[in-house]
Amino acid sequence: MLLLLDLDNTLIDRDGAFREAAESFLAGHGLPAADLGWLLTTDASGYRPRAEVAAALAERYPDAVPEEAVRSFLDNGAADRVRLAETTRLALDEAAAAGWTRVIVTNGRVGQQTKKIHTCGLDRHVDGWVISEGVGCKKPDPEIFHAAAATAGVPLSAAWMIGDSAHADVGGAHALGLPTVWISAGREWTEAAYRPTHVVTEVATGIRRALSGRTDAHV
């Protein structure tokens, strides 16, 4: 069996790490702490293109922050601070013990996403990963899911997808007929065209739902 796992805000708290980095960035350059909300909104949980975030920072702080400091913040700020929760590690190890192959499927740049995986130690608790920049396609494109299965050497038909994005993770896997677990983090499901197999608030529970193999209920 194959466990496909999103990275940001699924296996790791990317937004929490970015918040810490943003607070340090503002304080380190003598910028208003009240700008934190603006910076988090501008970042849009990492969905806004990096070049646009950099341009927004340059426009807001034209003389206060060197370009190199902005680049370092956006490239390394969150990546240096991500952590692997013990509950997540234990669930991943349970999956391995049960015979599942664990592969991360993430959109993003190879350098940044690989650094996150190594920084928090995920490389020791998964069997591989595919990153959109590296394979030339991104979720929800079906090709990235096929690439993940090829990396694992496991048929895609044996896969579950776990992630926090209704569109990229659940929608992409649903189009391929795969069972899914959506990490809601307290949000309400709003898509009318499809639903995840299970809804949970955090990834460790989601992994265990997939290991149970139950596809008959939304929880």
Practice problem: Could you please rank H198, H146, placing first whichever residue has the fewest other Cβ atoms within 10 Å of its Cβ? | Solution: H146, H198
Quiz item: Angle between the Cα long axis of helix 110-119 and the longest principal axis of the chain, 0 to 90 degrees, nearest 10?
Solution: 80
Quiz item: Rounded if a/c is under 1.5, else prolate if a/b is larger than b/c, else oblate: which is the stretch 51-96, with a ≥ b ≥ c the root eigenvalues of its Cα gyration tensor?
Solution: prolate
Quiz item: When the Karplus curve 6.51 cos²θ - 1.76 cosθ + 1.60 is applied with θ = phi - 60°, which whole-Hz ³J(HN,Hα) does each residue of the stretch 92-101 get, with x for Gly and Pro?
Solution: 5, 5, 4, 4, 4, 5, 8, x, 8, 9
Quiz item: If contacts are Cα pairs under 8 angstrom and at least 6 residues apart, what is the relative contact order of the stretch 14-76 in percent?
Solution: 31
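For S45, S165, what's the fewest-to-most ordering of other Cβ within 10 Å of each Cβ?
S45, S165
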Quiz item: In angstroms, what radius of gyration and Dmax does the chain have, counting Cα atoms only?
Solution: 17.9, 58
Quiz item: So how do C120, C137 line up by other beta-carbon neighbours within 10 Å, fewest first?
Solution: C137, C120
Quiz item: Residue-wise, which Karplus ³J(HN,Hα) couplings in Hz belong to the stretch 75-89, taking 6.51 cos²θ - 1.76 cosθ + 1.60, θ = phi - 60°, and x for glycine or proline?
Solution: 7, 10, x, 6, 4, 6, 10, 5, 10, 9, 5, 4, 5, 5, 4
Practice problem: For the chain, find the longest principal axis of its Cα atoms and tell me its angle to the long axis of helix 50-60, 0 to 90°, nearest 10. | Solution: 30
Practice problem: Per residue of the stretch 150-157, in order, report the coupling 6.51 cos²θ - 1.76 cosθ + 1.60 (Karplus, θ = phi - 60°) as ³J(HN,Hα) in whole Hz, putting x for Gly and Pro. | Solution: 5, 4, 7, x, 10, x, 4, 4
Quiz item: What span do the alpha-carbon atoms of the stretch 14-76 cover on each of the three principal axes, reported in whole Å from largest to smallest?
Solution: 27, 22, 19
Self-check item: Relative contact order, percent, the chain [alpha-carbon distance under 8 Å, six or more residues apart]
Solution: 22
Self-check item: Point-to-point label distance, E20-S184, nm (Cα→Cβ direction, 7 Å offset)
Solution: 2.8
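Every number in this text was worked out from the coordinates using simple rules, so none of it is lab data. Everything numeric here is computed off the predicted structure, so don't read it as measured data. When we count neighbours, we look across all protein chains shown, and the Cβ atoms used for this are built from the backbone with ideal geometry, even at glycine.
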